[in-house]
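Taking it in order: structure first as structure tokens, then the write-up.
The values are calculated or read from the model by the stated rules, or taken from the named source; none is laboratory data. These numbers come from a predicted model, not from an experiment. Methodologically, a virtual Cβ is constructed for each residue, glycine included, from the backbone with ideal geometry; neighbour enumeration extends over all protein chains shown.
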Amino acid sequence: MSKQVTFRIWRTDANGGGKFVDYPTEVSEGMVVLDVVHKIQAEQANDLACRWNCKAGKCGSCSAEINGMPKLMCMTRLDQIPLDKPVTIEPMRSFPRLRDLATDVSWNFRVKTKIKKFNPRKPDASDGSWRMAQADVDRVQEFRKCIECFLCQDVCHVLRDHHKHDEFIGPRFLVYTAALEMHPLDTEDRLPELKQACGVGFCNITKCCTKVCPESISITDNAIIPLKERVVDDFFDPLGWLWKKLRPKT
Amino acid sequence: MTNYESFEYDVLVIGAGGAGLRAAIEASAAGVKVGLVCKSLLGKAHTVMAEGGMAAAMGNVDDRDNWRVHFADTMRGGQYVNNWRMAELHAKEAPARVHELEAWGAVFDRTPDGKILQRNFGGHKYPRLAHVGDRTGLELIRTLQDHGIHQGITVHMEYTIVTLLKDGDRVIGAFGYDRERGRFKIFRAKAVVLATGGLGRAYRITTNSWEGTGDGVSLAYHAGAELRDMEFIQFHPTGMIWPPSVRGLLVTEAVRGDGGILKNKEGRRFMFDDIPDLYKSQTATDPEEGWRYVMGDKNARRPPELLTRDHVARCILREVKAGRGSPHGGVFLDIAWIKEKMPSAPEYIKRKLPSMYHQFMQLASLDITREPMEIGPTTHYLMGGIRVDGDTQATNIPGLFAAGECAGGLHGANRLGGNSLSDLIVFGKRAGEFAAKYAKENSAGKVNDAQLEEASRYALEPFEREGSPEGPYQVQHDLQGMMQDLVGIVRRQEEMARALDGLKQLWGRANKVAVASNREYNPGWHTALDLNHLLTVSEAITRSALDRKESRGGHFREDFPKKDPEAQKYNTVVWQGKDGAMQLRREPIPEMAAELKQVIEEMK
């Protein structure tokens, strides 16, 4: 059941510009977009640049925009997209372009280093281990499913349209911060920086990040909104503020 | 002469999967300056694909477990050609390494009393694998990554190493390029740790990503290091086989650990048909006992689906050859059947195996809570690798260390599932510790300009071959096909001899491939340079497999189908001779410590 389909792929040129190039390609049953890119790479354009690793939706390397939708190429089956007109594949738009489908995502790695690291309480047992109930770690485990594909960063309008990369850490790192803040063993306080450096207030809950998350993490509802609530409780609740001032210091 | 950008470190770690990250963290903690080089972005290494868990005898689920049982299991699984010292250290140190991950933020699944939960896996006598659903590798690599970025390690992402630099006999750094721009870089280092993982890309059907091209094994070999046990490749019994584009993708052994069974097209549970003597006393006699084991009955024995991977893979091939296979040439792996046993089976499956559920749903439109999966063997893991000292992970080349999959010894002829992630953290730590110690005791070496010039000439050659008949992908494709067909799961003398001839021709073609365009992020160029590594390791596999005239673990010879007790006394070692040709010897296995012998006797 193989047939010919045209793939319209963004190719950069030597001057830093670029254009879409059409690649008519034979496709067959069960293929995903990444298979097509590999086929074109092997047969028509040896130098076509793209990132990939696991080919199973576990590493988050092959993020791209397919017909304008941020997706993992390895998990996008051809039978889920219309093939009667050219399929466009282009790099993520929120990050500087490197070559073809590869973008410069280094900003994400820099952002992470600025968030205070995990700081556990003393171990509960002499062998250095802790006791935690499964129910108490479920939420954190949801956040730790993140594969760092950065599709949420790509689709977030605060980054994509308003370029607030210096003031806002984006959904990925709000999820990361939430995982630390809600970790039953963690003792660190990240609320002041959440309000300031992380810019949690920039998020206006349009939930685009949640929609594109390939791991189906409820980014907005489970991570961002609770963080916003904690910040509000800590900084803007007058009674709470008064209590903190007046309570006896231990 | 050369004005390449240059970096200076005490310890340079090449590879940022579990072993490389753990080594870098340890070296850094020892107070030396550490550089970490990786081919992909940080956190994307193949470790991320590990699913089932990491083996550590913590005894959280069954308190009869301890390091002795784990040691005996590892040796039995490896069919006694393991580096027994590594198996001992691994069994003793794994629990502490797992607890350390928890201290760095890892969140494992929990037992009812709040401890780290442990699951059943093939060849492990007791439930032993600490895990997070079926995404344990992600948890491991992310924990190490998030801890490591605060340790003052300099990370060079998307860099490829072309060659190790030498000063006399000693390794004193590495030479490579950044993939983004293709600019050459010099890394001077007092000690180098290789942690580059495996070589599955030498085969057509594999669980490995593009990175698994045997770089570290080949770099070490060309720098004079010895390789061991290269004939022992693990073919994981359960890879996806349909649709064709996902062929080879890993289906975790945890499916079987959590109750999944193997059936042929007649619906027969064929694993009960052939149980090796070594495992008879530990294996269930009927499906009922097997199920009780899965449900945690301490008096029940393991179902035969949890026999070692080498054996399960061969049983699957047997069924397929006998015409009892599935429509696409595999067999059926069925977890949906447990709905007969528990009313909430679909929820149980989705909770225990979320990414498997997801993977089959999205890639094969198959609901594993309702239907059986079609699976078949896939190239998964290199048991052999760079020959190292068990305590220090030092190679025979001064200044060069190796850890994780690219180092050989721990797993012998067959690795138990779950022993890989624990290998990474136990021996990654040791490699980092002893590399740092070496770096403190030695001064920097002197880089040889001639070597740099030769390496850069070699690396750029593919751009200058005008009028070449082919690009790198065709050669890679043909090599993968040949290794799959001639040096795969079932091996024969004459086929492997043909493979050696085939390798000669492929070397010839590889030396002629041309690449187009420029050096910036050019996958064609990268693939052309990978060919050298793939061909080197393929030759090592083939020569070692030809020499071992018996069947043991991952190495199965149709012309020598039995185990030879004499062949249990040596490891196959290969190295590069002075004339450039590959040399081979049978290295006697040192006498095992008396205490360990006794452990093995007791556990029989």
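See the values below:
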read-out	value
Single residue of the range A:36-61 satisfying the filter (crowded, with 23+ Cβ neighbours inside 10 Å and either of a type in the set (Asp, Glu) or more than 8 Å from every other protein chain (Cβ to nearest Cβ) (or both)) that is nearest to B:Gln362 (Cα to Cα)	A:Val36
Some residue of the range A:214-222 being in contact with a strand residue (DSSP E or B) (Cβ under 7 Å, 6 or more places away or on another chain) and part of a loop (DSSP other than H, G, I, E, B)	yes
Of all residues in the range B:553-574 being out of contact with any helix residue (DSSP H, G or I) (no Cβ under 7 Å at 6 or more places or on another chain) and part of a strand (DSSP E or B), the one that is farthest from B:His411 (Cα to Cα)	B:Phe560
Of the criteria (1) of a type in the set (A, V, I, L, M); (2) in contact with a strand residue (DSSP E or B) (Cβ under 9 Å, 6 or more places away or on another chain); (3) within 13 Å of chain B (Cβ to nearest Cβ), which one A:Ala64 fails	(3)
Filter pass, B:Glu319 being touching a strand residue (DSSP E or B) at 6+ places or on another chain (Cβ under 6 Å) and part of a helix (DSSP H, G or I)	yes
Residues of the range A:224-248 satisfying the condition of being exposed (fewer than 12 other Cβ atoms within 10 Å of the Cβ) and either in contact with a helix residue (DSSP H, G or I) (Cβ under 6 Å, 6 or more places away or on another chain) or in a loop (DSSP other than H, G, I, E, B) (or both)	A:Phe236, A:Arg247, A:Pro248
Matching residues, the range B:29-41, being crowded, with 24+ Cβ neighbours inside 10 Å, within 14 Å of chain A (Cβ to nearest Cβ) and over 19 Å from the mean Cα position of the chain (by Cα)	B:Leu36
Filtered residues of the range B:81-118 (kept if in a loop (DSSP other than H, G, I, E, B) and within 30 Å of A:Ala179 (Cβ to Cβ))	B:Trp104, B:Gly105, B:Ala106, B:Val107, B:Phe108, B:Asp109, B:Thr111, B:Pro112, B:Asp113, B:Gly114, B:Lys115, B:Leu117
So A:Ala178, is it closer than 28 Å to B:Gln359 by Cβ, free of Cβ contacts under 8 Å to residues at least 24 places away in the same chain, of a type outside the set (Lys, Arg) and not assigned by TED's automatic domain parsing to the domain that holds A:Gly60	no
Criterion (outside any loop (DSSP other than H, G, I, E, B) and either more than 9 Å from chain B (Cβ to nearest Cβ) or surrounded by fewer than 19 Cβ atoms within 10 Å (Cβ to Cβ) (or both)) met by exactly one of A:Asp84, A:Asp79	A:Asp79
Subset of the range B:476-525 [at the interface with chain A (Cβ under 10 Å from one of its Cβ atoms) and assigned to a helix (DSSP H, G or I)]	B:Gln476, B:His477, B:Pro523, B:Gly524, B:Trp525
Test result for A:Thr6, touching a strand residue (DSSP E or B) at 6+ places or on another chain (Cβ under 6 Å) and more than 23 Å from B:Arg247 (Cβ to Cβ)	yes
Which listed residue, of A:Asp161, A:Asp127, A:Asp154, A:Asp138, is of a type in the set (Asp, Glu), in the same structural domain as A:Leu180 (by TED's automatic domain parsing), within 26 Å of B:Gly43 (Cα to Cα) and exposed (fewer than 14 other Cβ atoms within 10 Å of the Cβ)	A:Asp138
Residues of the range A:87-123 that turn out to be within 12 Å of chain B (Cβ to nearest Cβ) and of a type in the set (Ser, Thr, Tyr), as a count	3
Options B:Ser422, B:Ser443, B:Ser456, B:Ser355: the member that is part of a helix (DSSP H, G or I), farther than 26 Å from B:Ala567 by Cβ, modelled with pLDDT of 95 or more and more than 17 Å from the chain's Cα centre (by Cα)	B:Ser456
Complete set of residues in the range A:19-35 that are surrounded by fewer than 16 Cβ atoms within 10 Å (Cβ to Cβ) and either polar (S, T, N, Q) or more than 10 Å from chain B (Cβ to nearest Cβ) (or both)	A:Lys19, A:Phe20, A:Val21, A:Asp22, A:Pro24, A:Glu26, A:Ser28
B:Pro472 being without any contact (Cβ under 8 Å) to a residue 12 or more places away in the chain and crowded, with 18+ Cβ neighbours inside 10 Å	no
